[in-house]
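The structure under discussion appears below in the form of structure tokens.
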Amino acid sequence: MNFKSDYRRALPSIALFPLLFADVESVWLGCAVPTFFLILSALSNIPTRIQMWMPTLAASASKPHNASSTSVGSGHRETALSYLHAQSLKVFLKLRYFLALPWASHAGAQAGNSTRVTLYTCLAHSRPGLSRLAKRIKLTFRGMTQRQVTQSWLGYWSATPARIQLAKATPRLLQKIYRPYQSLRLSDRQDRLNLLVNHYDFIFQQGLDALVLCASTAPVSLGSFIGKSGTVYDIQLASVATLDREGELTLMLCGDRQHLFSIAFTFHQDNLTPSIGIGCLQGPRGVDKQERVRSATRDMFGLRPKSLMVRLVREIGHAYGCKNLILVGNQNRVLFHQVRTGKVLANYDDFWQEIGATVRPDGDYQICCDKIPPPDLASIASHKRSEARRRIELTECAIRAAMNGFSGGRV
């Protein structure tokens with residue numbers, strides 16, 4: 001039987017498959033996909049055709065071949081090809097429906113001068129090549145299997161020009177709903193979507209979008225203070241690009257232009273209560289990291305850098321009306337595998353308990369964002385009061401610097 005005549009009715013629907021990949025830069029992929037489906041269709045229909053030919057072969061073996069039997073056999077073949085054609089079109093329409101979100105949005109963005117955010121906005125800063133193609137395939141698969149949450153997420157970022165601008169400035173932002181984020185208690189994709197939407201709603205409502213947009217391209221200096229030795233400590237803010245699995249905003253403390261500590265946090269609603277979630281508290285790297293932390297602690301009159309970072313986030317939360325500080329527990333860290341295998345040694349639980357946080361039923365910790373009163377100097381030994389007073393003054397100076405840079409005088 002002639003191959004061309006057998007598949008002539010199926011070829012129009014098979015030929016439509018390149019339209020699904022019309023916006024892919026790699027031409028070979030657009031050619032390979034229909035070829036693959038053509039071969040797959042041929043292989044999958046072999047058992048069906050053998051079964052369809054059996055009555056014809058049996059009839060030809062028992063009776064002389066005549067015009068009527070030929071007509072019946074042709075009728076069987078025509079019916080089978082019509083059925084194959086209808087099924088191919090049905091499969092194509094289903095695939096087009098499921099894939100309509102990523103591809104149609106992308107095509108719409110190109111037609112509308114890139115005025116919409118699509119799933120492929122994530123690839124805006126990626127170099128062409130196999131790596132980009134692999135990322136594209138992965139995004140396509142995620143968009144197909146998680147259609148509803150993807151549609152809601154892209155719809156949110158396409159709603160206003162300000163959101164579109166921020167999403168395109170930070171392409172990695174769009175992938176966050178697909179991966180573990182901040183705390184493993186957010187195991188459901190819808191929970192992660194709600195948390196991220198809460199954060200960016202808060203950012204836009206408070207007028208912080210311009211600051212976040214600047215911080216997404218390079219760390220922004222919020223302010224600085226001077227230590228006992230004259231060392232200048234700079235407080236910087238980064239957005240999305242740094243510690244992007246643990247939080248949307250990252251405060252960084254640098255001494256003499258060397259990184260000391262970072263803390264990642266996110267504004268969100270916890271059971272309808274305004275809160276800040278902390279997903280990471282990271283120290284310096286290098287062989288001399290412990291010595292650098294000790295030196296900074298001495299230079300800040302005994303104030304540990306990690307204590308200062310938590311205090312700064314707590315003060316930011318208080319200034320913006322947050323009630324609680326949600327601290328990720330060891331068991332809920334997104335890098336839990338690295339913690340379990342010993343690649344990450346920081347013990348969050350001990351430090352959270354040390355600062356007065358209480359454990360929650362979900363494994364995270366919680367502490368209020370109320371205004372922290374200054375310590376009572378009378379309760380401190382007389383020979384330590386001078387250093388304690390200077391430590392309090394330095395802490396207040398750091399808080400003022402961070403708040404002035406973060407709020408721009410609005411709070």
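Side notes on the structure shown:
- For the cross-link pairs Lys135/Lys306; Lys138/Lys176; Lys176/Lys289, the ones whose C-alpha atoms lie over 25 Å apart are Lys135/Lys306; Lys176/Lys289.
- Placing pseudo-labels 7 Å out from each Cα toward the beta carbon at Leu133 and Gln353 gives an inter-label distance of 5.3 nm.
- Here the Karplus curve 6.51 cos²θ - 1.76 cosθ + 1.60, taken at θ = phi - 60°, turns the phi angles of the stretch 289-296 into couplings of 4, 5, 5, 5, 5, 4, 4, 5 Hz, with x standing for Gly and Pro.
- Straight-distance crosslink candidates among aspartates and glutamates, where the alpha carbon sits under 12 Å from Lys228 and sequence neighbours closer than 8 are dropped: Asp299, Glu387, Glu393
- Simple label model, 7 Å out from Cα along Cβ direction - Thr217 to Thr145, nm: 3.7
- Karplus-derived 3J(HN,Hα), 6.51/-1.76/1.60, for each residue of the stretch 276-281, Hz, glycine and proline x: 10, x, 9, x, 7, 9
- The packing ranking, built from the mean of other Cβ atoms within 10 Å per residue, places the peptides 157-165, 236-244 in the order 236-244, 157-165, highest first.
- Summarising the amide proton neighbourhood of Gln146: residues at separation of 5 or more, or on other chains, whose placed amide H is nearer than 5 Å comprise an empty set.
- Converting phi to 3J(HN,Hα) with the Karplus coefficients 6.51, -1.76 and 1.60 and the offset θ = phi - 60°, the stretch 306-318 yields 5, 5, 5, 5, 5, 4, 5, 5, 5, 5, 4, x, 4 Hz in sequence order, with x at every glycine or proline.
- Shape class for the stretch 124-203: oblate, because the ratio a/c of the largest to smallest gyration tensor axis (alpha-carbon atoms, square roots of eigenvalues) is 1.5 or more and b/c is at least a/b.
- For the stretch 218-298, size of Cβ-based charge dipole, Lys and Arg +1, Asp and Glu -1, in debye: 380
- Mean projected area (nm²) of the alpha-carbon convex hull when the stretch 209-407 is viewed from all directions: 11.8
- Subtracting the Cα-Cα distance of Ser295 and Ala381 from 0.36 nm times their residue separation leaves 28.6 nm of extension gain.
- Residues listed by number, the stretch 303-324, amide nitrogen under 14 Å from Asp370 label point at 7 Å toward C-beta: 318, 323-324
- Residue order, fewest to most beta carbons within 10 Å, for Leu377, Leu253: Leu377, Leu253
Quick note: the coordinates plus some simple rules give every number you see, no bench work behind them. The model shown is predicted, which means the values in this text are computed figures rather than measured ones. We place every Cβ from the backbone using ideal geometry, glycine too, and count neighbours over all the protein chains shown.
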